[in-house]
Amino acid sequence: MTDPLTTPERIAFAGDWHENAEYAARAIRHAKNAGADVLIQLGDFGYNYGRHFLALVSAAAMYQRLPVLFIDGNHENFPKLHSYPIGADGLREVSDWVWHLPRGFRWEWSGIRFLALGGAHSVDRPWRQPGLSWWKDEAITEEQAAQAISGGPTDVLIAHDCPIGVDIPGLQPDAFPPLEILRAEEHRGVLRRVVEAVRPQWIWHGHYHQQYGQTVDLGYGPVTAVGLDCDGSDLRSNVQVVTLANLVALQQATAPLTFNERSTT
């Protein structure tokens, strides 16, 4: 059995998969072909964690010998996800070669500190049914935010949502009820408080189904935020690969790398 936290040379990040097994398998193959040694999926991963989905993702990851680590999003069956026990390494193994990064989980690769913090608010909640298509554990709680802050600084934040202060392209707030938009903005505010405390230089996130890269100042210096698209999009919009050496260089430099330096062809 592989160790999912073995230090990689190249890391693939992938946007939402929404329990789309065939797309997930293609994304895993695409990441491996781009040279990735591990894949970190940015939430809205498994929805109901059905047998077919987990079996196909596991088979694809095993065949490509590419460990898949994922955070939770907002569209997840949390009772099902939380039924998988947390192992001695702090991860939930949901299938062979597939592990969940619980909220607040931290690890290091070559001195680069990573923090996982899934969760977001569903702006389409009025159209969803509690316990069937919506689950109350979707949002980051104050306790989870406090736990994330208590761990101290980090270099890379792995999130599903994106903090207030980052201008995400392509948003259509008029498409959803104003109260749900307000709650979503409040959730982004919670994440912003975490960010201001732990001061990452990179933020990778999904949720908004937009691929973009942006460098902003969130009160402590430049931070590069990268959003990725969802299943059904071109794989180059869903999967991006970065070398760990570039993250080390970023940590030591005074300015972040450009988005083009992170992209793969």
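Read-outs throughout are calculated quantities, based only on the coordinates presented, and are distinct from any laboratory measurement. As the structure is a prediction and not an experimental result, all values here were calculated from the model. Note that each Cβ is placed from the backbone with ideal geometry, even for glycine, and that neighbours are counted across all protein chains shown.
Close amide-amide hydrogen proximity is noted between residue 134 and 129, each under 5 Å apart and 5 or more residues distant or on a separate chain (H modeled in the peptide plane; Pro and chain starts excluded).
Inter-part distance, the stretch 59-78 to the stretch 120-146, computed on C-alpha centroids, equals 20 Å. With helices defined as uninterrupted DSSP H runs, which ones in the chain have an alpha carbon span along their own long axis of at least 27 Å and mean Kyte-Doolittle hydropathy of at least -1.0? Helices meeting the criterion: 178-198. Compared with the direct C-alpha span, the chain from residue 124 to residue 149 gains 6.1 nm at full extension, assuming 0.36 nm per residue.
Computed extension gain for residue 33 through residue 9, at 0.36 nm per residue and net of the alpha carbon distance, reaches 7.2 nm.
On the beta carbon distance between residue 215 and residue 164, with R0 = 25 Å, the FRET formula returns roughly 0.95. Taking other C-beta atoms within 10 Å as the exposure proxy, 204, 134, 97, 127 rank 127, 134, 97, 204 from fewest upward.
A full extension of the chain between residue 246 and residue 185 corresponds to an added length of 18.8 nm, given 0.36 nm per residue minus the alpha carbon distance.
Per residue of the chain, the DSSP helices (runs of n ≥ 4 H) give a summed -39500 (n - 2.57) that works out to -8500 deg cm²/dmol at 222 nm.
Net charge of the neighbourhood of residue 153, taken over other residues with C-beta under 10 Å away and scored Lys/Arg +1, Asp/Glu -1, is +1.
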